[in-house]
Amino acid sequence: GPQGTTGATGAQGPQGDIGPQGPAGAPGATGAQGATGAQGATGETGATGAKGDKGDTGAQGPQGTTGATGAQGPQGATGATGATGPNAISATTTTTFNDLLKGNGTNVTTATAGTDYLTPTGSGSGLTNLNAGAFSSGTVATARLGSGTANNTTVLRGDNTWTAFTTGANVVVGTASNNTSTATCTAPGKAVGGGFTASNTNVFVKESVPAVNGTAATTGQTPNSWRVTNSGSGGSVTAYVVCAN
């Protein structure tokens, strides 16, 4: 037949003993880091440490620029005028001074004419930068004018040299040619005349002229040779030149 109705629940029995603890479960995941806590109060200042060793001296800095020159001080007072020196000093006079300072740095108490100072009758060898325009008398020795021997056969050249001079004139003869013949003076001779000779009477001369080094001279030039030009037929010509020194 049909199941009957469930009966009422009986009273709860007493609690049984606690069973043994089960094994520990696996560690859980690390939680998120918490916020930083507030900063703690500042601790007390520690005691001052011992003084360290002195460091090396640094390199010297560059020298500064020179300062501006200060204003010039006032001029000092003029010293007293010295005593008047002795008069009538001659080439043989010896005069007494108090510590005369010589040009070489030494002191003397006695200054001798011609030794310690130039006398009116001295040689003048200690004088320099004399102006020749101040000469008013006397004659300058020829040896002072230039080098060489000065006499009645020499002249003084522009380079301050006494040199022999020559007078008169001489003739220089050129070389015979059927075309052009030139005769040239020896330097420094100058041509003052010239001409030619012909080998026969059939020679026809085209020109006979003064020249400068073989080229016909022009106005204003100083010739030193003579040139003769032949027609080239009938014979030869020979030029000659008259030279003056």
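The values are calculated or read from the model by the stated rules, or taken from the named source; none is laboratory data. A quick note: this is a predicted structure, and the numbers were derived from the prediction, not measured. A quick note on method: Cβ atoms are made from the backbone with ideal geometry, for glycine too, and the neighbour counts reach across all protein chains shown.
Laid out as a table, the results:
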item	result
Output for segment 200-237, where each listed residue is of a type in the set (Val, Ile, Thr) and more than 60 Å from the chain's Cα centre (by Cα)	Thr201, Val203, Val205, Val237
Out of Gly37, Gly22, Gly64, Gly43, sole residue that is within 51 Å of the chain's Cα centre (by Cα) and either modelled with pLDDT of 85 or more or part of a loop (DSSP other than H, G, I, E, B) (or both)	Gly64
Residues satisfying the stated conditions in segment 153-175, i.e. among the polar types (S, T, N, Q) and either modelled with pLDDT of 80 or more or at positive phi (or both)	Thr153, Thr154, Asn160, Thr161, Thr163, Asn170, Thr175
Filtered residue count, segment 225-237, keeping only those that are modelled with pLDDT under 95, among the polar types (S, T, N, Q) and either more than 12 Å from Asn178 (Cα to Cα) or assigned to a strand (DSSP E or B) (or both)	2
Residues of segment 160-183 that turn out to be over 15 Å from Arg227 (Cβ atoms) and in a strand (DSSP E or B), as a count	7
Any chance Asn107 is surrounded by 10 or more Cβ atoms within 10 Å (Cβ to Cβ) and modelled with pLDDT of 65 or more	yes
Selection status of Thr215, free of Cβ contacts under 8 Å to residues at least 24 places away in the same chain, touching a strand residue (DSSP E or B) at 6+ places or on another chain (Cβ under 9 Å) and over 30 Å from Ala164 (Cα atoms)	yes
Output for segment 186-209, where each listed residue is surrounded by 19 or more Cβ atoms within 10 Å (Cβ to Cβ), over 13 Å from Gly174 (Cα atoms) and not aliphatic (A, V, I, L, M)	Gly189
Conditions (1) part of a strand (DSSP E or B); (2) within 60 Å of the chain's Cα centre (by Cα); number of the one not met by Thr197	(2)
Residues being polar (S, T, N, Q) and more than 16 Å from Ser181 (Cβ to Cβ) - total across segment 212-224	4
Condition met for Thr186 (of a type outside the set (Asp, Glu) and part of a strand (DSSP E or B))	no
